[in-house]
1. Please identify every one of the trypsin sites (Lys or Arg not before Pro) in the range A:41-83 that sits in a loop by DSSP and has no more than 12 other beta carbons within 10 Å of its own beta carbon.
2. Modelled label-to-label distance, A:ALA212 and A:GLN252, 7 Å Cα→beta-carbon offset: nm?
3. From the Cα gyration tensor of the range A:225-339, with a ≥ b ≥ c the square roots of its eigenvalues, which class applies: rounded if a/c is under 1.5, or else prolate if a/b is larger than b/c, or else oblate?
4. Quote the charge dipole size of chain A about the Cα centre in Debye, to the nearest 20; the model charges only the Cβ of Lys and Arg (+1) and of Asp and Glu (-1).
5. Can you give the calculated 222 nm mean residue ellipticity of chain A, where each DSSP H run of n ≥ 4 adds -39,500 (n - 2.57) and the sum is split over every residue, rounded to the nearest 500 deg cm²/dmol?
6. Taking only protein heavy atoms into account and a 1.4 Å probe, give the accessible area per residue of the range A:68-242 in Å².
7. Say R0 is 25 Å: what FRET efficiency, to the nearest 0.05, do A:GLU168 and A:ALA431 get from their beta-carbon distance?
8. To the nearest 0.05, what FRET efficiency results for A:LYS308 and A:ARG578 with a Förster distance of 35 Å applied to their C-beta separation?
Amino acid sequence: MVSVNLPDGSSKEFASAVSVREVAAAIGPRLAQSAIAAVVDGRVVGLDTRLPGDGSVAVRILTRKDSEALAVMRHSAAHVMARAVMRLFPGVQLAFGPTTEGGFYYDFALEHPLSESDFPAIEEEMRKIVAADEPFERIESSREDARRVCADLGQQFKVEHIEQGLAEYPTLSFYRQGEFLDLCRGPHIPSAGSIGAFKVLSVAGAYWKGDASREQLQRLYGTAFFTPQELDSYLMKIEEAKKRDHRVLGKQLDLFTISPTVGSGLILWLPKGATVRNLLETFTREELVRRGYQTVYTPNIGKVDLYKTSGHYPYYAKDMFPSLVTTEGEEFILKPMNCPHHVMIYKSRPRSYRDLPLRLAEFGTVYRYEKSGQLSGMTRVRGFTQDDAHLFCTDEQVAGEFRGCLEMTQFVLKCLGLENYRVRLGFRDPASDKYVGSAEQWERAQQAIADVCRTLGIEASEEPGEAAFYGPKADFVVTDCIGREWQLGTVQLDYNLPSESRFNLEYVGADNRMHRPVMIHRAPLGSLERFIGVLIEHFAGAFPLWLAPEQARVITVSEKSEEYGRQVEGQLREAGFRVSGDYRPEKLGSKIRDGQLELIPYMLVVGPRDAESGTVSVRDRIDGDLGAMPLAAALERLGEEVRSRRVRRTFSGDAGLGERGAKNEY
RNA sequence: GCUGCUGUAGCUCAGCUGGUAGAGCGCGUCCUUGGUAAGGACGAGGUCACGGGUUCAAGUCCCGUCAGCAGCUCCA
């Protein structure tokens, strides 16, 4: 006798070991019809799952209305896609085919290189399979049988996976659908007919088990929904997100460009982009002064010995541009980070505990040789400027300094309306011995960091094993408009560079003895390139007034008002606004449209009526025509919005193309 | 770096199975002098990424290089 507890609080008794399908049928024929899967004691299972013969279990039947059902269906869609590919191309080796946040993919090894031109045939074959509505049948077998079946099918990846990845499982499961049989944990939908709408989206390379030294596979991406309407709206969402892409907007709005002649991964800041950067730098600099930092400048190159001492060379040699060798045989490298230079400033004279904490800040431009396939717009580049600073402090000061760094990062992000981020705390892997510094020192620091986050109300995930070898860290991660995550700000403790084997940093303590300082690396924005790239997407190019490259544009109703228009423009400029004037002999509507498309926050329309009364007709980018007002009133309105750094509208949220939520369902 | 795809006017793109280049927007000139998202006419603008090859003939086919895109991998 088994007692089945249902979500509505009721329960049903069954005499024997029933399947979930039978439970659904007992609740109602309609439910049995629309059931996709079920959640049994918190685990998503297929309808063919048999409940235990006695005791009590919680069962929730999933229909297409439940979000868990979508993932189950998509996984089945991945099988259907694999089946279609196997029908079309001989000799397909199956690898993994999990669901992702926005759909699913399946990795294959096959001779024929898949391309978009193959998608229609694959989709057509999938349509046939869905229309046939054959059931997904679960088959359980022993490890040995499973291995033999896969070997007989010639599926080498599956054989390897059974032998290695699944070594601990005594029994394994297959799912059969028609001629298609695949090693798979499941669960699956009852039959293919529930796949309402699907699309093969893209193909790309991927390595078996993510290992670049292993076979390269072809990864076919797709997505599926229960209804064509949902699929359409998803595809629309992707299109919308693509329009927000900073690479598209950067070109459209003349913010930055990249020239192959200068070099890929090297950003050329156009005047408008440079304006935004400049404003951000000024904003940050003011904040640094307020928080007790001192600014420094250091050169773009340094002798290779500096990096030998820091330990970065030759360990990171592949990630740096090759060294520059002078005719006299001196070897320099383009600096890949600022810390060694800042360390030398610390070492430029003996330090006392009274000097600490010493906070040295610099907008330092660094160069790293990223692999060509890595480069992407402004978010992944080979030359970038960090809003960098290095703090030298005593062990006791670490918590307070760390707190200050996080507060500043929080403050800066808040000022920009960037609220959609998460913080990852990279902690040590207790099982590893690769770390510099004592275990107690780490424990104390990690504890302090976690406490600081808690008191600041920062939602942070502790990730053991994610720390760098030299110290724990806190990374601020934001998601871009197409769902990719980018690390922006970072705060990292460093026990390595100050150590005896590196730069051997010291200070004289109150006890007149030498002590070793702790170093903190921190960059609230991270890199200006990446940060502004993310900001462009965050605002969809429509920067808040205080950051807008062009804050206002004077537009004349006709050429008759040009003189008054230029006068207004002059007064705005005098008042410190970034302003332009459009005096072309175009119609008003046309000039407004241009201004709107260029995302100018305010347009000041002036015509004969305004010239007469000394007014301007203000048009707001967001709210439209605000009507005529005295010029002084308009200046006050804009000035107030700048001073308060008001953020009126953002476009966060992604199109669900990310990999978060990817599950390895085989 | 690897796999796949892409590279045509300033921008977005068309150009069929090879027969010496097109559109829209933008730009220039002129007409129009208009009150909140596209007035009209005319015109200029292209080593079809670069280098080889096949061919009577290459934007189109093949190879290489460079760059971009998607993904994998890595990030002090």
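1. Taking the range A:41-83 and a limit of 12 other Cβ atoms within 10 Å, the loop trypsin sites (Lys or Arg not before Pro) found are A:LYS65.
2. With each label point 7 Å from Cα toward Cβ, the separation is 3.4 nm.
3. In terms of gyration-tensor shape, prolate.
4. 960 debye
5. -10000 deg cm²/dmol
6. 44 Å²
7. 0.85
8. In this case the efficiency is close to 0.15.
The values are calculated or read from the model by the stated rules, or taken from the named source; none is laboratory data. Note that this is a predicted model, so its numbers are computed, not measured. Here Cβ is always computed from backbone atoms with ideal geometry, including for glycine, and neighbour counts include all displayed protein chains. The accessibility values were calculated without ligands, DNA or RNA, using every heavy atom of the protein model including side chains. Shrake-Rupley method; radii C 1.70, N 1.55, O 1.52, S 1.80 Å.
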